[in-house]
Each structure stands twice: as C-alpha cells, then as structure tokens.
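Engineer: Before I ask anything, let me first share the structure, which is written out below as structure tokens.
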Amino acid sequence: YAIAAAAGPVAPPARPARPETPPRPYRGRALATGAGAMVLLGASFGVSRALTPDTLYTAQAVRYAAAGLILLAVAKRQGVRLERPRGLEWVWLAGIAAVGLVLFNVAIVRGLAHAEPAVIAVAVACVPVVLGVVGPLIERRVPSRRTLVAAAVVTVGGALVEGTGRADAIGLGWAAVVLVCEACFTLLAVPVLPRHGALGVSLHAIWIGAAAFTVLGLATEGPSALLRITASQWAATAFLTVLVTTVAFILWYSTVAALGPDRAGVITGIAPVAAALTGIALTGRVPGGSVWLGILVVFCGQAVGLLGRRARSTPIE
C-alpha cells in the first residue's frame, strides 16, 4: 500500500516553495486509491442492510478485531514501523474510532430502519462541501473557491443519483449523524497522518473501535450474540472486514495525505454513484434518467475540483 506523508513545516522564504499539487503520476495514484475507497464504501451501504440491531455491536466487534489482525500482518510483512500514539494524538485517534467508526456504523444500521438507503447515501453525498470548508481551516488555509464550487456540484450530482427517498424524522436525524461522522472520519485524521501514515492511523483507529464495540456488545447483547449471527450476516461482516475496513481505510487515508482533505473530499461523490450501481447488480433494476444525469454531474464536479493544478492557498494568519 502506498502510505503518503503530509507536508512538514512551512519552508523559509529562501527555499523554493513546495508544488501546489503532487507530481502527475503520484497524483494519479492518489486519485485512483481514493476512487477505489469510495467505490467500496458505496457498495457497503447495501451490504450493511444484512446486519440487524440485535447483534450489531457484536458483529462490528468481530469485524474490527479481524481487520486489526489483518493490518498487523500487513505491517509486519511490509516492514512498516508503527508509531505509538502520544499526547493529543490519542484524542484524535479515539475521536476517529468513536465518531467515524462506532457512531457511524450505528447510525447507518439504525437509520436504515427508518429511511431508504437513498436518504443515507445523500447524506454522504453532502460530505464534499463540509470537507471543502473545514479541511483547509484545519490546515490553516483559506478554502479554495474552485474546490468549493466542485464540492457543491458533486453534492448536487450525488443527490440526483440517489433521489430524495422516504424517511421519517428519526431517519432524517440518523442521516444527519452519518454526514457528521463521515466528515469527522477524514478531518480527525489530518493531524495524525503526517507521523503515523495511512496504515498507522487505520490500525490505531481500528483497534480502539474494536475495543469499544466489544464492550458495547458484551454490555447490551451478551456473549451469546455470536451464536445469533446468521450466515448472511457473517458474509456481510466478512465483506466489510476485508474490503471496507482493511482495504478502503488505507486507500482513503493515503489519498487524504496526498491531496489534502478538501480535494480528497470531492472524490466522496463516487460513493453514492457506487451505491446506485450496486443496487443495479443486487436488484436487476435499471435506474431512470435522473440517476444517469446525476452520475454525469458528479464526474463534472470532480473534473473541476481535481484536474489541473491546485490554486495557491492563502494561509490564515
């Protein structure tokens, strides 16, 4: 896996400034890894419907524990040195686990009981705007107008792809939680990616998440919950473990480290597109014209935000 490091301290005036965008081959790889991560995330919405609330915490505990073991094996095989978190890094990593993993997965499963998948997917489609505004502020930069325009276009396209869907007030509330959690999954990683890299951030967040889900599962579902997980739920858990938690996490954090949270956020528009196309594979129903129009709008927005060089950012004094 490509593990990218974020830039260090600002260079003194006498030295040449770093490029505004990575070299083209490197940027192309970052775009590919980000797109792959969002395809897997989009596909996971349909798969997550197989999980039920009565064994939710236990299934997620198994998922993250297994994913942590896989990532440990990957780190050992590749000779990657894993840094121990220190100081405020524990806060950022715990935040990723608590909000980006635990609350996010609970919100999806609980939300799907009160809303159509389209409602949840549209919430994810709104993430580019959040990352386009908040991401640069975390890095003490003024948000780029180009990125903000692209993020807005991608959000509109994502909404067209998924439609508005039907939901009650509880479902809309959970959809809002999903939006916040998905944004936090990226933003909370920004301070720790330079030191820990994509693999380190993923692994630390995963083992903290596994511990949290284990405690929740034992406290609310009991040890016998493992026996109540059905074959289809085990299959869904295996998919989420290997392809989403293990592969997509590293792909996504590599992209964030390479492109920054604002430009990487534009790529999240692929998730609702992937969710819609996955629906075709699962149901056999071909979507209507608004879906294909939305896909075109998403790709146009991504072209605006990702192609060409990044505009020179204005630092916040």
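Engineer: At what distance in nm do the modelled label points of T230 and L296 sit from each other, each positioned 7 Å from its Cα along Cα→Cβ?
Structural biologist: With each label placed 7 Å out from Cα toward Cβ, I get 4.1 nm.
Engineer: What does the highest-first list of 232-240, 178-186, 196-204, 78-86 look like by mean Cβ count within 10 Å? Before the final figure, lay out each step's value.
Structural biologist: Details: 232-240: 17.4, 178-186: 23.0, 196-204: 25.6, 78-86: 11.6.
Answer by packing, highest mean first, reads 196-204, 178-186, 232-240, 78-86.
Engineer: For region 154-208, what is the per residue volume of the convex hull drawn over the alpha-carbon atoms, in cubic angstrom?
Structural biologist: 117 Å³
Engineer: What is the Cα centroid distance between region 99-134 and region 139-196, reported in whole angstrom?
Structural biologist: That distance is 8 Å.
Engineer: Please compute, over every Cα-Cα pair in region 52-165, the percentage with a separation greater than 22 angstrom. Write down the numbers at each step before the final one.
Structural biologist: On the way: 3646 of 6441 pairs.
Counting pairs separated by more than 22 Å, the tail of P(r) holds 57 percent.
Engineer: Would you calculate a helix-derived [θ] at 222 nm for the chain, using -39,500 (n - 2.57) for each DSSP H run of n ≥ 4 and dividing by the full residue count, to the nearest 500?
Structural biologist: On the way: 15 runs with 213 residues, N = 317.
It comes out at -21500 deg cm²/dmol, rounded to the nearest 500.
Engineer: Also, I was wondering about something else. Please compute the modelled spin-label separation between L69 and R195, points set 7 Å along Cα→Cβ, answer in nm with one decimal.
Structural biologist: 3.0 nm
Engineer: By per-residue mean of other Cβ atoms within 10 Å, what is the highest-first order of 265-271, 31-37, 62-68, 292-298?
Structural biologist: Working: 265-271: 28.6, 31-37: 21.3, 62-68: 23.0, 292-298: 19.0.
Ranked from most to least packed, the peptides come out as 265-271, 62-68, 31-37, 292-298.
Engineer: Once the piece of chain linking I280 and K76 is laid out straight, how much longer is it, given 0.36 nm per residue of separation minus the C-alpha distance between them?
Structural biologist: Between I280 and K76, full extension yields an extra 69.5 nm.
Engineer: What is the set of long-range amide H partners of R141 at a cut-off below 5 Å, with H atoms built 1.01 Å from backbone N?
Structural biologist: I316
Engineer: Give the whole-number value, in cubic angstrom per residue, of the convex hull volume spanned by the C-alpha atoms of region 38-306. Walk me through the numbers on the way to the answer.
Structural biologist: Numbers: hull volume 33.2 nm³, N = 269.
Taking the convex hull of the Cα positions in region 38-306, it is 123 Å³ per residue.
Engineer: Give me the number: length gained by fully extending R84 to A238, i.e. 0.36 nm times residue separation minus the C-alpha to C-alpha distance, one decimal in nm. Present the calculation step by step, with values, prior to reporting the outcome.
Structural biologist: Values: separation 154, 0.36 × 154 = 55.44 nm, distance 2.81 nm.
So the extension gain works out to 52.6 nm.
Read-outs: derived from the displayed coordinates by stated rules, not from any lab. All values reported here derive from a predicted model rather than from experimental measurement. Don't worry about glycine lacking a Cβ; one is built from the backbone with ideal geometry, like all the others, and counts go over all protein chains shown.
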